[in-house]
1. For the chain, modelled as a Gaussian network with Cα springs under 10 Å, which listed residue fluctuates most, SER26, SER126, SER14?
2. Treating only the Cβ atoms of Lys and Arg (+1) and Asp and Glu (-1) as charged, compute the dipole magnitude of the chain about its Cα centre; round to the nearest 20 debye.
3. If you average the sequence gap of Cα pairs under 8 Å that are 6 or more apart and divide by the length of the chain, what percent do you get for the contact order?
4. Let me make sure I get this right: for the range 17-75, a, b and c are the square roots of the gyration tensor eigenvalues over alpha carbons, sorted descending. Under 1.5 in a/c it's rounded, otherwise prolate if a/b > b/c, else oblate. Which is it?
5. When a/c is below 1.5 the answer is rounded, else prolate if a/b is larger than b/c, else oblate, so apply that to the range 42-106 with a ≥ b ≥ c taken from the square roots of the Cα gyration tensor eigenvalues.
6. For LYS71, which lysines qualify as cross-link partners when the Cα separation must be under 24 Å and same-chain residues fewer than eight apart are set aside?
7. Once phi is turned into θ = phi - 60°, what whole-Hz ³J(HN,Hα) does the Karplus curve with 6.51, -1.76 and 1.60 give for every residue of the range 49-61, x standing for Gly and Pro?
8. Give the calculated FRET efficiency between THR73 and ALA125 to the nearest 0.05, with a Förster radius of 35 Å applied to their Cβ-Cβ distance.
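The values are calculated or read from the model by the stated rules, or taken from the named source; none is laboratory data. Source: prediction; values computed, not measured. Virtual Cβ from ideal backbone geometry, glycine too; neighbours counted across all protein chains shown. Surface areas here come from the heavy atoms of the whole protein model, side chains and all, with no ligands, DNA or RNA. Shrake-Rupley method; radii C 1.70, N 1.55, O 1.52, S 1.80 Å.
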Amino acid sequence: MSTPSHDDKEPEPSPEELREQVEHTSEELGQTVEALAAKADIKTQTIEKAAEIKEQAAEKATLMTDQLREKATHAAQLVKDKTPDPVLDKAAHAAAQVRDTAARAGHLAAEKTPDPVREKAVRAASIVRANRTPLLVAAAMFVVFLLLRRSRRHR
């Protein structure tokens with residue numbers, strides 16, 4: 001067996017070089033451990049993913065709401081444009097009568113309604129106010145449908 005000669009060996013590193021290598025290796029090991037710990041932290045990943053999905057859903061909901069409002073406004077305008085003026089006048093007159101009758105009925109009901117029922121009615125009214133445009137469009141379309149149906153029956 002041959003032993004390596006002194007000339008074949010690399011010079012041994014100095015203690016300072018060894019310390020630097022140890023520090024460098026320690027830093028790399030720390031970074032590797034942190035990366036592995038982050039991959040293994042399922043709870044944090046799940047929370048982050050849930051927050052991301054929630055944000056995406058909120059953005060899509062806002063987009064869809066805006067699109068629906070725009071389409072409802074467009075549909076209402078089309079209905080208004082296609083409806084003859086006499087029909088619009090009758091619808092406006094009928095709407096005014098309904099409002100007056102509803103106001104009278106509301107006053108009468110308010111006088112005779114128990115407080116818990118009245119509170120629920122107030123909440124329902126605030127929900128209706130918050131969704132006024134889609135409800136008005138639906139009501140207008142319904143009135144036009146009824147008027148068209150009625151006019152076809154009389155022909």
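1. Answer for the Gaussian network model of the chain: SER14.
2. For this selection, approximately 3720 debye.
3. Worked out over the chain, it gives 35 percent.
4. Here the range 17-75 falls in the prolate category.
5. Verdict is oblate for the range 42-106.
6. Candidates past the 8-residue exclusion: LYS60, LYS80, LYS82.
7. 5, 4, 5, 5, 5, 4, 5, 4, 5, 5, 5, 5, 5
8. Once the sixth-power term is evaluated, E becomes 0.95.
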